[in-house]
1. Please report, in whole Å³, the volume per residue of the convex hull around the C-alpha atoms of region 118-244.
2. Can you list residues from other chains, or at least 5 along the same chain, whose modelled amide H is less than 5 Å from the amide H of Ile45?
3. Got a sec? How would Trp28, Trp144 order by Cβ neighbour count within 10 Å, fewest to most?
4. Of Phe89, Phe194, how do they rank once you tally other Cβ atoms within 10 Å and put the fewest first?
5. Check Thr203: other-chain or 5+ apart residues with amide H under 5 Å from its amide H, H built from backbone geometry?
6. Over all pairs of distinct alpha carbons, what does the Kirkwood formula give as the hydrodynamic radius of region 1-89, in Å?
7. Give me the net charge of Met222's neighbourhood, meaning all other residues with Cβ under 13 Å from the Cβ of Met222; Lys, Arg count +1, Asp, Glu -1.
8. Compute the FRET efficiency between Ala7 and Phe89 as 1/(1 + (r/R0)^6), taking r as their Cβ-Cβ distance and R0 = 22 Å, and round to the nearest 0.05.
Amino acid sequence: MGVAIPADLAVKVEDVYKAYVSGSVVTWALRGVNLEVPRGSFIAIMGPSGSGKTTLLNIVGLLDRPTRGRVYIDGVDTSRLSDRELAEFRNRKIGFVFQSFNLINRLTVLENIELPLVARGLPRDLRVKLATEALLKVGGDLSWLYKRPNQLSGGQQQRVAIARAIVASPSILLADEPTGNLDTASAKTVVKTFRELNKLGQTIVVITHNPEVGHCAERIYMVRDGRIVGESEPDPSKCLISGD
């Protein structure tokens, strides 16, 4: 009999361990992590380099499997999915935003945004419609659509990356250091974009080393040595966009 997961949880991480083996050396990146992410919430995961926070994000994002433990996404026990089922499930349920944008410069902005829709086999006219709507939703300009990503600023490229991440209406948006390569003004724009998406009901999990970004979330989880060692309410006065 399966475990009943509350309907209001987008993510449930249950006693997750992750080990990396190199010869006879075993390195534990995660050690018994438990985490619940309510649907429609905006949480930040913080910690020093090497603490395990990116490993945790990759496991929540189904890019990697835990050594032990289970990850439930929208109530589904992902450990029961085959690799093919996992890839299909990930494409439907999860959007990713990365520090380095991961845009393809030989494609236009429009073509970059619609990539997740191509994988779903949607017709071209519908892909253009959804990609255009996604760009507008993140505060982008329609004049960007037929430009190449390298013709845009860093902040503009990150908004394009966010549009690509949300174009297929994923349940969860995962962002790994999304402001790490941006100047302060661009970082503020990205954080405001996350806030607006969250107000529209998007569940967002952000990995960040920047306290000013972490304090813009609804909840902060601290990771150290592969464990969640604390959680706290953010201080809105310390948020990057406080006073804007």
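1. 131 Å³
2. Val206, Ile207, Thr208, Tyr221
3. Trp28, Trp144
4. Phe89, Phe194
5. Gly40, Leu173
6. Numbers: mean 1/r = 0.0720 Å⁻¹.
Hydrodynamic radius (Kirkwood, Cα pairs) of region 1-89 is 13.9 Å.
7. Result for the local shell: +1.
8. Values: r = 18 Å, r/R0 = 0.82.
The calculated FRET efficiency here is 0.75.
Read-outs throughout are calculated quantities, based only on the coordinates presented, and are distinct from any laboratory measurement. Nothing here was measured: the structure is a model prediction, and the numbers come from that model. Backbone-built Cβ (ideal geometry, glycine too); neighbour counts: all protein chains shown.
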